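*Asks:* Pasting in a structure now, in structure tokens, and then I'll have a few things to ask.
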Amino acid sequence: MKTTNQHIVFLTPGFAESESDSTTIPALQVFLKSLRKALPKAKLTLLTFQFPFTKKKYDWHGIEVIPLNGQNKKLKKLWTWKKASKTLEKLHKKKNIDTIHSFWIGECSRIGERFSQKHNINHVVTVMGQDASIENSYAKNLINSNAKMVTLSENHQAELLKTYNLDSTIIPWYLDVAEFPKLQENTIDILGVGSLNTIKNYSDFIEIISAIAKTYKNLNVVIIGDGTLKTEIETEIEKEGLQNTITLLGKLPRTEVLEKMAQANILLHTSFYESFGFVFLEGLYSGMQLVSYDVGLAKTSENWNVGNSKTELIEACKTLLSTEIKTKNRIELSSEKQSINAYLNLYYA
């Protein structure tokens, strides 16, 4: 293994705007904090292409963050890419870059691959979501390249192989367990956590709750999250007469989300798609029972009911609600040490 005094540059579309921003890609934040501790002598630099909307560089837990301020504007895309390339050249002249680590198959991986080929630099690409299953032109320069592809779960790995015929190493995300509050008595029967968008499929969630509420009249259901479908979801809740059953709390700081998880019995997750499902890790470590479709790292176990239909999810929830609540136990699915070591092997190979 090479010296740990490396220069690693991360490329991501967005990142936390400050150390107090806990909601922007939490899994990436947890990973980078761990990596900073594992590589105290390494220079770690992060270029964020679109968000936050600022040009001012800042320090984030010992990592230099350089915002390119693309602001998700199509008209600024080529300008942002040119700025990214120029910034990488400047960084490389100042201190040789040993590894480029790009997140998502997208603009970041495209710029990262071009730069790595030009300078014969190690390139790692972590596939983060639907970029594994939806074909896009950004993947062209990764096919037949030397880029080291990383996926997050077995389902995710299979989708990448099917879509692009790209092999990958599975490296799961993990939790910073120090962030979690003490387990508490359940005051929430069923909890939903996630953006209010099409993928998260809250129409199924509401239909499932509607069916359960016919039997369980005093059901307390909470949804945490915000998004473009908020008005439609509110309308569905009213249509089903669930205004006194389902409470929409909107977007909350991560600390408050984990607090609610510690007070909840069941995590109901009706998402159509997950590459991994960080919320699953959070739910299990919060002592919750999980009910979900077969997405991300879903796997049936004593604490996880995986179904293929709304009917199966309804029955799973009913069974859990009718079962006497056992002592809550924390379950940790993945290891910080194993995941960090897996990435270090890719950086230093």
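The numbers here are math on the coordinates, done by the rules we state, and not lab data. Worth saying up front: this structure is predicted, and the values here are computed from it rather than measured. A quick note on method: Cβ atoms are made from the backbone with ideal geometry, for glycine too, and the neighbour counts reach across all protein chains shown.
*Asks:* Scan around H7 for amide H atoms under 5 Å from its own, H built in the peptide plane at 1.01 Å from N, and keep only partners 5 or more places away or cross-chain.
*Replies:* Under 5 Å from the amide H of H7 lie the amide H atoms of K43, D98, T99, each far enough along the sequence or on another chain.
*Asks:* Also, quick follow-up: Length gain on complete extension for the stretch K57 to R36, per 0.36 nm per residue less the alpha carbon to alpha carbon distance? Before the final figure, lay out the partial values.
*Replies:* Numbers: separation 21, 0.36 × 21 = 7.56 nm, distance 1.81 nm.
Gain in length upon complete extension: 5.8 nm.
*Asks:* Additional query: Once you sort the root eigenvalues of the Cα gyration tensor of segment 258-318 as a ≥ b ≥ c, which label holds: rounded (a/c under 1.5), prolate (a/b larger than b/c) or oblate (the other case)?
*Replies:* Working: a/c = 1.83, a/b = 1.25, b/c = 1.47.
Oblate.
*Asks:* Taking the Cα centre of segment 281-342 as the origin, how large is its charge dipole in debye, to the nearest 20, when only Lys and Arg (+1) and Asp and Glu (-1) carry charge on their Cβ atoms? Walk me through the intermediate numbers first.
*Replies:* Working: 7 positive and 8 negative charges, 20 e Å.
Charge dipole of segment 281-342: 100 debye, to the nearest 20.
*Asks:* Please turn the phi angles of segment 160-174 into ³J(HN,Hα) values with the Karplus equation 6.51 cos²θ - 1.76 cosθ + 1.60 (θ = phi - 60°), one per residue in order, whole Hz, x for glycine and proline.
*Replies:* Whole-Hz 3J(HN,Hα) from phi for segment 160-174: 5, 5, 5, 6, 10, 6, 9, 6, 8, 9, 7, 10, x, 6, 8.
*Asks:* What whole-number distance in Å separates the alpha-carbon centres of segment 276-349 and segment 86-113?
*Replies:* 34
*Asks:* Hey, rough spin-label estimate for K318 and E238, points 7 angstrom out along Cα→Cβ, what's it come to in nanometres?
*Replies:* 3.0
*Asks:* Could you give the length gained by full extension between T228 and N165, i.e. 0.36 nm per residue of separation minus their alpha carbon distance, to one decimal place? Before the final figure, lay out the partial values.
*Replies:* Values: separation 63, 0.36 × 63 = 22.68 nm, distance 3.35 nm.
Gain in length upon complete extension: 19.3 nm.
*Asks:* In deg cm²/dmol and to the nearest 500, what is the mean residue ellipticity at 222 nm of the chain if only DSSP H runs of at least 4 residues count, each as -39500 (n - 2.57), divided by the residue total? The partial results should precede the final answer.
*Replies:* Working: 10 runs with 120 residues, N = 349.
Counting only the DSSP helices, I get -10500 deg cm²/dmol.
*Asks:* A further question on this structure: Mind pulling the angle between the C-alpha long axis of helix 336-348 and the longest principal axis of the chain? Nearest 10 degrees, somewhere in 0 to 90.
*Replies:* The answer is roughly 20 degrees.
*Asks:* Just to be sure I understand the model, the point goes 7 Å from the Cα along the line to the Cβ. What's the resulting E302 to N197 distance in nm?
*Replies:* In this crude spin-label approximation the distance works out to 3.6 nm.
*Asks:* Subtracting the Cα-Cα distance from 0.36 nm times the residue separation, let me have the gained length for L78 to K140 in nm, one decimal. Don't jump to the answer; show the numbers that get you there.
*Replies:* On the way: separation 62, 0.36 × 62 = 22.32 nm, distance 1.79 nm.
Separation in residues times 0.36 nm, less the Cα-Cα distance, equals 20.5 nm.
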